[in-house]
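J.: The structure follows.
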Amino acid sequence: MIKHIVCFKLKEGESVDKAIEVLKSMEGNVPSALKIEVGKDFLHSARSYDIILQVTIENREMLDVYQNDEYHCGVVKKHMHAVVASSVAVDYDL
């Protein structure tokens, strides 16, 4: 199993709730994502990111499938690239 984690810092004025809605919309639309968790930061410190996305994926081959999934690329990445100021990611084996 693979855990794919991305933290997003949104551009000033962008809606955190809308971004969360878009990320959660992968449930049922991206078959390679076995489990999707999305969290919203409440601390708002200088080093905080606004949103965390955690996706559980079967293996590294399926991670490639996930990264190139039509819905993931055409809907989710499209929206997130428009609203994100910066992001960091970690992928690891469970």
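J.: If I ask for residues that are touching a residue at least 12 places away in the same chain (Cβ under 8 Å) and either among the β-branched types (Val, Ile, Thr) or open to solvent by 90 Å² or more (accessible area, probe 1.4 Å) (or both), which ones from segment 32-49 would you list?
T.: 34, 35, 36, 38, 40
Residue-by-condition table, conditions (1) touching a helix residue (DSSP H, G or I) at 6+ places or on another chain (Cβ under 8 Å); (2) surrounded by fewer than 12 Cβ atoms within 10 Å (Cβ to Cβ):
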position	(1), (2)
1	no, no
12	no, yes
23	yes, no
66	yes, no
74	no, yes
83	yes, no
86	no, yes
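J.: While we're on this one: Going by what's in this entry, would residue 5 be described as open to solvent by 20 Å² or more (accessible area, probe 1.4 Å) and in a strand (DSSP E or B)? So that I can check it myself, show each step before the final result.
T.: On the way: open to solvent by 20 Å² or more (accessible area, probe 1.4 Å): yes; in a strand (DSSP E or B): yes.
The answer is yes for residue 5.
J.: In addition: Any residue at all in segment 21-42 that's assigned to a helix (DSSP H, G or I), of a type in the set (D, E, K, R) and at pLDDT 95 or above? Spell out how you get there, then give the answer.
T.: Looking only at segment 21-42, we keep the residues that are assigned to a helix (DSSP H, G or I), and these are 21-24.
Going one step further and asking which of them are of a type in the set (D, E, K, R), we end up with 21, 24.
Next cut, at pLDDT 95 or above only: 21, 24.
Within segment 21-42, one or more residues are assigned to a helix (DSSP H, G or I), of a type in the set (D, E, K, R) and at pLDDT 95 or above.
Quick grid of which residues meet (1) under 23 Å from residue 93 (Cα atoms); (2) under 12 Å from the mean Cα position of the chain (by Cα):
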position: 13; (1), (2): no, no
position: 21; (1), (2): no, yes
position: 33; (1), (2): yes, yes
position: 40; (1), (2): no, yes
position: 57; (1), (2): yes, no
position: 62; (1), (2): yes, no
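J.: Using the structure shown, decide if residue 57 is touching a helix residue (DSSP H, G or I) at 6+ places or on another chain (Cβ under 8 Å), of a type outside the set (Ser, Thr, Tyr) and surrounded by 14 or more Cβ atoms within 10 Å (Cβ to Cβ).
T.: Details: touching a helix residue (DSSP H, G or I) at 6+ places or on another chain (Cβ under 8 Å): yes; of a type outside the set (Ser, Thr, Tyr): yes; surrounded by 14 or more Cβ atoms within 10 Å (Cβ to Cβ): yes.
The answer is yes for residue 57.
J.: Right, something else. Which condition breaks for residue 46 when tested against (1) part of a helix (DSSP H, G or I); (2) over 13 Å from the mean Cα position of the chain (by Cα)?
T.: For residue 46, the exception is condition (1).
J.: Among the residues in segment 71-84, are any of a type in the set (Phe, Trp, Tyr), out of contact with any Asp or Glu (no Cβ under 7 Å at 6 or more places or on another chain) and in contact (Cβ under 8 Å) with a residue 40 or more places away in the chain? I'd like the intermediate steps shown before the answer.
T.: Restricting attention to segment 71-84, the residues satisfying the condition of being of a type in the set (Phe, Trp, Tyr) are 71.
Pick out the ones that are also out of contact with any Asp or Glu (no Cβ under 7 Å at 6 or more places or on another chain) and you get 71.
Cutting the leftovers down to in contact (Cβ under 8 Å) with a residue 40 or more places away in the chain gives us 71.
Yes, segment 71-84 contains a residue that is of a type in the set (Phe, Trp, Tyr), out of contact with any Asp or Glu (no Cβ under 7 Å at 6 or more places or on another chain) and in contact (Cβ under 8 Å) with a residue 40 or more places away in the chain.
The values are calculated or read from the model by the stated rules, or taken from the named source; none is laboratory data. Predicted model only: the values in this text are computed from it and were never measured. Backbone-built Cβ (ideal geometry, glycine too); neighbour counts: all protein chains shown. Ligands, DNA and RNA are stripped out before the accessible areas are found, and what is left, the full protein with its side chains, is counted by its heavy atoms. Shrake-Rupley method; radii C 1.70, N 1.55, O 1.52, S 1.80 Å.
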